[in-house]
Amino acid sequence: MENREYFVSVFPKAELKLAGYLEFLAFVSESASSKLYQEYGQALTFLTHSPESCPLYVPNPKYRYKLFGKRYRIVFEIVGNIVYADDIQDCREDLDKSLV
């Protein structure tokens, strides 16, 4: 089995959404916000090694997703050896399931 490493690129719009989630959570608990950020980092590290193992994102199967922090997901696509993280979503929100 090939041991492949991927480069992860997070779009600025996705980073802004994460920052909003972290800021909101920090008002409730700074430690919970810090823990969520650590779990986000772990999810990105996971994506550098095996993004193909993540499930397909049902509304658009060209995308996959990685859950982190119990209720957040990184929605991404794999192009060559680059993982493009297009969106970060709170799974509790009612989304229209469209990206960009």
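Pro51 meets the conditions (1) closer than 22 Å to Gly80 by Cα; (2) touching a Gly at 6+ places or on another chain (Cβ under 9 Å) in every case but one. The failed one is (2).
Yes/no per residue for (1) aromatic (Phe, Trp, Tyr); (2) surrounded by fewer than 14 Cβ atoms within 10 Å (Cβ to Cβ); (3) in contact with a Cys (Cβ under 7 Å, 6 or more places away or on another chain):
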{"site": "Pro12", "(1), (2), (3)": "no, yes, no"}
{"site": "Ser34", "(1), (2), (3)": "no, yes, no"}
{"site": "Gly41", "(1), (2), (3)": "no, yes, no"}
{"site": "Ser50", "(1), (2), (3)": "no, yes, no"}
{"site": "Leu67", "(1), (2), (3)": "no, no, no"}
{"site": "Tyr84", "(1), (2), (3)": "yes, no, no"}
{"site": "Cys91", "(1), (2), (3)": "no, yes, no"}
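Does Val75 satisfy being farther than 19 Å from Glu93 by Cα, in a strand (DSSP E or B) and at pLDDT 95 or above? Taking the combined requirement at face value, the residue does not satisfy it. Arg4 meets each of the listed conditions (1) over 13 Å from the mean Cα position of the chain (by Cα); (2) modelled with pLDDT of 95 or more apart from (2).
Quick check on this structure: which one of Ala26, Ala14, Ala85 is modelled with pLDDT of 95 or more, among the small types (Gly, Ala, Ser) and in a strand (DSSP E or B)?
Details: Ala26 fails: in a strand (DSSP E or B); Ala14 fails: in a strand (DSSP E or B).
Of the residues listed, the single one that is modelled with pLDDT of 95 or more, among the small types (Gly, Ala, Ser) and in a strand (DSSP E or B) is Ala85.
The one condition from (1) in contact (Cβ under 8 Å) with a residue 12 or more places away in the chain; (2) more than 18 Å from Glu93 (Cα to Cα) that Ser31 does not meet is (1). Suppose the filter is among the basic types (Lys, Arg) and exposed (fewer than 11 other Cβ atoms within 10 Å of the Cβ); does Lys62 pass it? Yes, satisfied. Of all residues in segment 58-80, none satisfies being among the polar types (S, T, N, Q) and without any contact (Cβ under 8 Å) to a residue 24 or more places away in the chain.
The values are calculated or read from the model by the stated rules, or taken from the named source; none is laboratory data. Because the structure is a prediction, the values reported are computed rather than measured. Backbone-built Cβ (ideal geometry, glycine too); neighbour counts: all protein chains shown.
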